[in-house]
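The values are calculated or read from the model by the stated rules, or taken from the named source; none is laboratory data. From a predicted model like this one, the values you see are computed outputs, not experimental measurements. For neighbour counting, all protein chains shown are included, and Cβ atoms are generated from backbone atoms with ideal geometry for every residue, glycine included. SASA here: full protein model, heavy atoms, side chains in, ligands and nucleic acids out. Shrake-Rupley method; radii C 1.70, N 1.55, O 1.52, S 1.80 Å.
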Number of protein chains: 2
Amino acid sequence: MATVSNRRVILKRYVTGFPSEDDMEVVTAEAPPLAVPTGSSAVVVKNLYISCDPYMRHRMTRHEVPNYVPDYVPGEVLTNYGVMKVISSGHADFKTGDFVWGLTGWEEYTLIDHPETLSKINHPELPLSYYTGVMALPGLTSYAGFFEVCKPKKGDYVFVSAASGAVGQIVGQLAKITGCYVVGSAGSDEKVNLLKTKFGFDDAFNYKKEPDLDAVLKRYFPEGIDIYFKNVGGVTLDAVLPNMRLCGRIAACGMISQYNLEQPEGVRNLFYLVTRRLRMEGFLVFDYYGMYRRFEEEMARYLKEGKIVYVEDIVEGLDAAPAALIGLFTGRNVGKQLVAVSQE
Amino acid sequence: MATVSNRRVILKRYVTGFPSEDDMEVVTAEAPPLAVPTGSSAVVVKNLYISCDPYMRHRMTRHEVPNYVPDYVPGEVLTNYGVMKVISSGHADFKTGDFVWGLTGWEEYTLIDHPETLSKINHPELPLSYYTGVMALPGLTSYAGFFEVCKPKKGDYVFVSAASGAVGQIVGQLAKITGCYVVGSAGSDEKVNLLKTKFGFDDAFNYKKEPDLDAVLKRYFPEGIDIYFKNVGGVTLDAVLPNMRLCGRIAACGMISQYNLEQPEGVRNLFYLVTRRLRMEGFLVFDYYGMYRRFEEEMARYLKEGKIVYVEDIVEGLDAAPAALIGLFTGRNVGKQLVAVSQE
């Protein structure tokens with residue numbers, strides 16, 4: 001079989017501080033053979049959609065001590081979760097033409113040696129791109145983080161930061177389904193409007209227009225906050241802690257604003273953990289893979305019933321991928337950021 | 001009945017920053033009538049031992065927003081937990097001569113209007129003073145904080161700060177009983193020696209001699225820490241966070257070193273909550289009153305069997321009480337600090 005070219009995004013150099021498009025490079029290489037060799041259990045996929053996620057910044061720095069995900073390597077292709085079509089399979093669980101989601105490369109074609117890491121798409125009647133977000137890890141992050149970590153009760157006061165992002169928009173809607181009062185913060189009036197009109201948040205504010213975060217939280221939560229679903233770090237946490245109610249819960253699912261800081265801002269109000277008996281828990285979605293199937297069915301039902309709506313920010317083509325990734329850290333995206341790599 | 005005099009410790013003024021003996025005053029006032037009036041359900045107690053606890057610093061400052069305990073009032077007697085003898089009772093549950101523990105005044109005689117807040121001493125065969133510490137709230141704090149908040153497993157690596165104090169010494173011994181590996185930190189060689197020779201910690205170090213806390217934690221916990229029982233704040237937490245193991249637990253039972261800081265030190269390493277899936281939980285012993293009786297029996301048994309040993313730092317007389325309280329914040333005490341007010 002003739003070789004074909006493979007457009008791909010590689011890491012150019014390890015990143016320190018704020019990342020830029022120049023830290024990546026879009027190159028054309030030779031694609032892997034588009035048919036798996038006889039006897040192999042690998043699959044070859046055509047990448048349809050790839051996900052841009054904040055945690056990728058973490059992987060662009062070299063860590064002396066191995067962390068929860070491996071670092072990227074300069075010169076090598078970036079990897080992340082995506083939606084793919086199987087074009088050749090040596091594995092009994094997959095056949096040519098199957099739609100799958102899982103870890104893949106930021107490139108057109110990827111040879112996947114361990115297809116056990118891939119999942120079949122059980123609801124192809126939904127937009128396939130949803131399997132980079134609401135139906136995949138961001139969705140499971142929201143679902144497990146909210147229900148398992150935050151343990152919400154009807155009537156709880158819920159505050160969601162970065163609320164229009166991939167995770168925040170879903171958390172807010174799950175909170176409404178649960179009967180909570182939900183306020184979100186976001187970084188532009190457009191996003192705030194989205195929260196209130198499209199996602200059904202009870203209220204929302206633009207944190208960039210609010211110099212006194214403590215005052216704004218007291219205004220939106222005169223009774224205090226029961227649940228803080230924390231998508232950003234540092235300063236916000238310090239403003240939230242004094243506004244937490246007794247036995248409140250803080251789920252820390254990521255700290256976007258801190259990814260790029262060599263010296264993160266110090267949190268000074270942790271004393272409230274004691275006086276208010278707060279529980280603050282960090283979690284990673286990897287710990288909740290076991291509940292994926294239950295989540296998948298429930299979320300598919302919510303989407304079809306219109307109980308959850310979902311907004312994506314899709315850029316076209318791998319050449320636009322580096323800018324889309326960087327845009328996550330400046331808040332450029334409106335909704336879940338992803339890249340459409342190829343047509344089916 | 002003739003009135004008698006009543007030596008008592010009053011708050012002289014609200015405290016800002018580090019407290020001093022001058023913020024209190026020992027005065028002589030008139031005691032309450034030593035017999036309760038007919039028809040009253042109050043009791044009058046003679047105070048035998050009073051407890052000095054770090055949280056009292058918190059009550060010496062005026063808080064605009066009510067907190068978990070009421071503020072002290074200048075000119076009025078300090079209150080805290082103590083061990084008392086009932087000398088007159090209008091309440092069916094108590095009779096003259098009973099030994100009780102509970103909230104009382106820093107004075108010789110106290111009229112207690114609501115004796116429901118008092119508890120009978122069910123193990124008077126132990127030293128009565130133990131009911132200011134290991135048999136009372138510090139003991140219950142250790143027991144509930146370790147077993148309920150930290151949820152220890154045999155073999156867990158446990159780090160205890162302020163380990164020779166009222167709570168730390170008990171937590172360390174409960175951890176040993178559970179089959180954990182326990183290292184404590186304390187602020188003098190004398191205390192470190194106590195931890196290793198008397199309380200049975202596997203190891204201990206003097207944090208004042210260790211400029212690089214991260215390095216010392218890596219030395220004592222090459223495999224990392226599963227449970228951090230946090231008795232002090234700020235800097236220590238930042239050093240501990242990177243040394244926590246996956247799914248580690250941090251119980252925050254108080255932050256002595258922060259009580260006196262107007263602007264507490266910022267904690268910068270909270271990102272580890274996410275990457276290591278840590279749970280950090282603040283708790284107050286008040287939430288665990290319901291398990292007191294179970295705790296009391298278990299702890300009495302440990303003490304009688306010699307499985308837990310207990311060290312107290314007792315000063316004699318109310319005149320020494322202000323200095324004893326201040327000494328908590330400079331680490332002067334060795335073991336649980338209390339004041340012997342009167343003989344039985």
**Listed pairs A:120/A:176; B:153/B:307; A:196/A:336; B:153/B:208; B:191/B:307 exceeding 28 Å between Cα atoms** = A:120/A:176; B:153/B:208
**Item:** the stretch A:141-286: equivalent-ellipsoid semi-axes (sqrt of 5 x gyration tensor eigenvalues, Cα, Å)
**Value:** 19, 18, 16
**Item:** Over the protein assembly as shown, equivalent-ellipsoid semi-axes from the Cα gyration tensor in Å
**Value:** 58, 26, 22
**Item:** FRET efficiency, residue B:209 to residue B:177 (Cβ-Cβ, R0 25 Å, nearest 0.05)
**Value:** 0.30
**Asked** Roughly how many percent of the accessible protein surface of the stretch B:1-62 is carbon and sulfur, given a 1.4 Å probe and a whole-percent answer?
**Response** 49
**Request:** Rounded to the nearest 500, what is the 222 nm mean residue ellipticity of the protein assembly as shown from helices alone, with -39500 (n - 2.57) per DSSP H run of 4+ residues and division by all residues?
**Result:** -6000 deg cm²/dmol
**Asked** With each label point set 7 Å from Cα along the Cα-Cβ vector, what nm distance links residue B:286 and residue B:330?
**Response** 3.1
**Request:** Report the paramagnetic label zone for residue A:304: residues of the stretch A:124-152 whose backbone N is under 13 Å from a point 7 Å from Cα along the Cα-to-Cβ axis.
**Result:** A:124-127
**Message:** With the label 7 angstrom out along Cα to Cβ, how close does residue A:151 come to the same site in each of the other copies, in nm, nearest first?
**Reply:** 0.9
**Message:** Roughly how large is the A-B contact in terms of buried accessible area, totalled over both chains, probe 1.4 Å, nearest 100 Å²?
**Reply:** 2700
**Message:** Need one number: % antiparallel among DSSP beta bridges in the protein assembly as shown, to the nearest 5.
**Reply:** 60
**Request:** Taking the Cβ of residue B:97 as the centre, find all other residues whose Cβ is under 14 Å away and add up their charges (Lys, Arg: +1; Asp, Glu: -1).
**Result:** +1
**Asked** Tell me which B residue has its C-beta closest to the axis rotating B onto A, and the distance in Å?
**Response** B:266, 1
**Prompt:** Between the stretch A:270-293 and the stretch B:185-226, how many Å separate their Cα centres?
**Reply:** 29
**Message:** At 0.36 nm per residue, and after removing the present C-alpha to C-alpha distance, how many nm does the segment from residue A:293 to residue A:197 gain when stretched out fully?
**Reply:** 31.5 nm
**At 7 Å out from Cα toward Cβ: residue A:13 inter-copy label distances (nm, ascending)** = 5.9
**Message:** Taking the square root of 5 times each eigenvalue of the Cα gyration tensor, what semi-axes in Å does the equivalent ellipsoid of chain A have, largest first?
**Reply:** 36, 22, 17
**Item:** Cut-off under 5 Å, modelled amide H: who pairs with residue A:283 long-range
**Value:** A:252
**Item:** Förster-model FRET efficiency, 41 Å R0, residue A:151 and residue B:35, C-beta, rounded to 0.05
**Value:** 0.20
